[in-house]
Amino acid sequence: MRTSRAGLDLIKSFEGFRDVAARLPDGRWVIGHGHVRSAREGLSISEKDAEELLAQDLLPVESAIHSLVFTPLNQNQFDALASLVFNISVERFRNSAVLQFLNAGDFLSAAG
């Protein structure tokens, strides 16, 4: 399973779009739809390239979901989880109560 168009749109709605790199409060740079890995001062990006970069940034997120979540997910659940993991990081997700609840099949507690 991969992040669907609806999932990409969800993430983009939360992240917004920055066509020029901006500095975050923690000192890192961000560009496009939440891309930080290669963002740096002075960079600019088109919306098309930013979406392609987002799709690349989601590859480790999707891989983590596949390897860490043992409960079957539907597409909407996968997309919502991809959005969460993209936001909090794979490492934080790995150690989260959300993951524990999901793997126990307790979707209500995971959502809470």
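Pair-distance distribution of the chain: all C-alpha pairs, bin width 10 Å, starting at 0; shares per bin in whole percent are 15, 43, 29, 12, 1.
Calculated mean residue ellipticity at 222 nm for the chain: -17000 deg cm²/dmol, from DSSP H runs with n ≥ 4 weighted as -39500 (n - 2.57), summed, divided by the residue count and rounded to 500. Here the chain is treated with +1 on each Lys and Arg Cβ and -1 on each Asp and Glu Cβ, and its dipole about the Cα centre works out to around 180 debye. Shown is the FRET efficiency for residue 107 and residue 14, computed with R0 = 22 Å from the Cβ-Cβ distance and rounded to the nearest 0.05: 0.60.
With a Förster radius of 22 Å applied to the beta-carbon distance between residue 37 and residue 2, the computed FRET efficiency rounds to 0.65.
Just so you know, all these numbers are worked out from the coordinates, no wet-lab data involved. Treat the numbers as computed from the prediction; the structure is a model and nothing was measured. Ideal geometry is used to build each Cβ from the backbone, glycine not excepted, and the neighbour counts take in all protein chains shown.
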